[in-house]
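Trainee: I have a structure here, written as structure tokens, and I will follow up with some questions on it.
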Amino acid sequence: MTAVPFFDLTAINGRVREDLDLAWKSVLQHCKFVGGPEVAAFESEFAAYCGADGCVGVANGTDALELIFAALGIGAGDEVIVPANTFVATAEAVVAAGARPRFVDVLPDTLLIDPDSAAAAVNCRTAAIVGVHLFGQMVDVDGLSSITDRHGLALIEDAAQAHGARFGGQRAGSVGAAAAFSFYPGKNLGALGDGGAVVSNDCELIGRVRCLANHGRSAVERHRHDERGRNSRLDSIQAAALAIKLGHLDEENEARRAAMRRYARQLPSWCELVQTHRKAEPVHHLAVVQVPNRAVVGKSLTDAHIGWGVHYPIPCHRQPAYAEFVEELPVAEAAAEAVMSLPLSPGMRGEEIERVCDALARIQL
């Protein structure tokens, strides 16, 4: 029996294989592997795509978050509000900055940060709220912005899973003080290795991130270092590949939306799709459902040669590495027991979705 893969990276890259071959060969000709013209070109294109004024390509999405915190001066003595339901890198970046993560609960329908829980966590040490656009859906920007505006806090977007997503017509990357993107290969906009970007409408912040990401080097004098920086640069080959894939992003995101509409029509009633905010236009990085008995459901899918995943089985505040920051967050904890990610790729065929749904419908719970 032919398997239904959880995610078909080979097919995604195969559709642009010839263009990718030409791109890396072009870089090989000029040999400017770091800081080549492809990097500046992609930065400009991606900033425009997001509706932002500036973009800095960096080594990965985690670095992008850390550089934002550094550029904003967030560090020791500060607290940063983070949803418990997120990939660990969100909290990792806060701790790396020297700040303390303050974990808050999520909404039961979207599984995104709960503005009320965030508001209750604000105190005199709070410096920022990280709105994590999880699963390809943007957070309630209105709800979080009202909190950050009222208290003078920075709203930072963790947009690692939301390339092209919108809220109220605005794209991810254009609504906060700054946004961190990941270009890990499995993302909606994925590189051929690691990569990331910081996007912002604050040109001063963009300049500082650019400096910090390049060893703190002065923009006007090569051997002068104005900041204690680091080495976090997007290379020319990745930038060239990302520019090609950016041209296909909207089409692929629409294919993901079409697949999710089919899932919504065909899934059994006990398989509850994560909901979407009324003002959000998601790009469905993941097809997340909540199920009553994940072990039984997962085994049945595996037996049917259907891939699946869990995002995420342990909420951040329950991870051993963050035990000192533990909170009682019942919605996030319940979600961690119930969430399951179904197969989803922009090239997924209707018969594959039907096969997944039929396999689920046959499960006796």
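Trainee: List the lysines whose Cα lies under 27 Å from the Cα of LYS245, skipping any in the same chain that are fewer than 8 positions away.
Mentor: LYS25, LYS32, LYS187, LYS279
Trainee: Mind checking the stretch 269-345 for GluC sites (Glu not before Pro) that DSSP puts in a loop (not H, G, I, E or B) and that have at most 14 other Cβ atoms within 10 Å?
Mentor: Qualifying residues, ordered by number: GLU328.
Trainee: Over the C-alpha atoms of the stretch 248-362, what are the Rg and the largest Cα-to-Cα span, Dmax, in Å?
Mentor: 15.5, 47
Trainee: If you stretched the chain out fully between ASN123 and ASP19, how much longer would it get, using 0.36 nm times the residue separation minus the C-alpha to C-alpha distance?
Mentor: 32.3 nm
Trainee: Rank ASP194, ASP303, ASP142 by mean-square fluctuation in a GNM of the chain with C-alpha springs under 10 angstrom and give only the top-ranked residue.
Mentor: In this elastic network of the chain, the residue with the biggest mean-square fluctuation among ASP194, ASP303, ASP142 is ASP303.
Trainee: Starting from the alpha-carbon convex hull of the chain, give the projected area averaged over all orientations, in nm².
Mentor: 18.4 nm²
Trainee: Kindly provide the Kirkwood hydrodynamic radius of the stretch 295-365 in Å, to one decimal, from all pairs of distinct alpha carbon atoms.
Mentor: About 14.1 Å, per the Kirkwood formula over Cα pairs.
Trainee: If you don't mind, there's one more thing I want to ask. So what is the relative contact order for the chain, in percent, with contacts set as C-alpha pairs under 8 Å and at least six apart?
Mentor: Values: 784 pairs, mean separation 82.6, N = 365.
So the answer I get is 23 percent.
Trainee: Would you mind counting up the charge near GLY186? Only other residues with Cβ under 14 Å from its Cβ, with Lys and Arg at +1 and Asp and Glu at -1.
Mentor: Computed value for this residue: 0.
Trainee: So, one more: Which residue fluctuates most in the GNM of the chain (Cα springs below 10 Å): VAL95, VAL80, VAL56?
Mentor: Top of the fluctuation ranking is VAL95.
Trainee: I want the antiparallel fraction of DSSP beta bridges within the chain, as a percent rounded to 5. Please report the intermediate quantities before stating the final value.
Mentor: On the way: 24 of 41 bridges.
Beta bridges within the chain, antiparallel portion: roughly 60 percent.
Trainee: I'd like the antiparallel share, as a percent to the nearest 5, of DSSP beta bridges with both residues in the stretch 57-154.
Mentor: Numbers: 1 of 10 bridges.
Antiparallel: roughly 10 percent of the beta bridges in the stretch 57-154.
Trainee: If one computes P(r) from the Cα atoms of the stretch 238-279, what percent of pairs lie at distances over 17 Å?
Mentor: 53 percent
Trainee: What is the Cα centroid distance between the stretch 52-76 and the stretch 1-37, reported in whole angstrom?
Mentor: Comparing the Cα centres of the stretch 52-76 and the stretch 1-37, I get a distance of 26 Å.
Trainee: Compare ARG257, ARG171, ARG265 in a GNM of the chain, Cα atoms joined below 10 Å, and give the one with the largest fluctuation.
Mentor: Largest GNM mean-square fluctuation: ARG265.
Rule-based calculations on the coordinates, nothing more; no lab input. If you're wondering where the values come from, they're calculated on a predicted model, not measured in any experiment. So basically every Cβ, Gly included, is an ideal-geometry build from the backbone, and we count neighbours across all protein chains shown.
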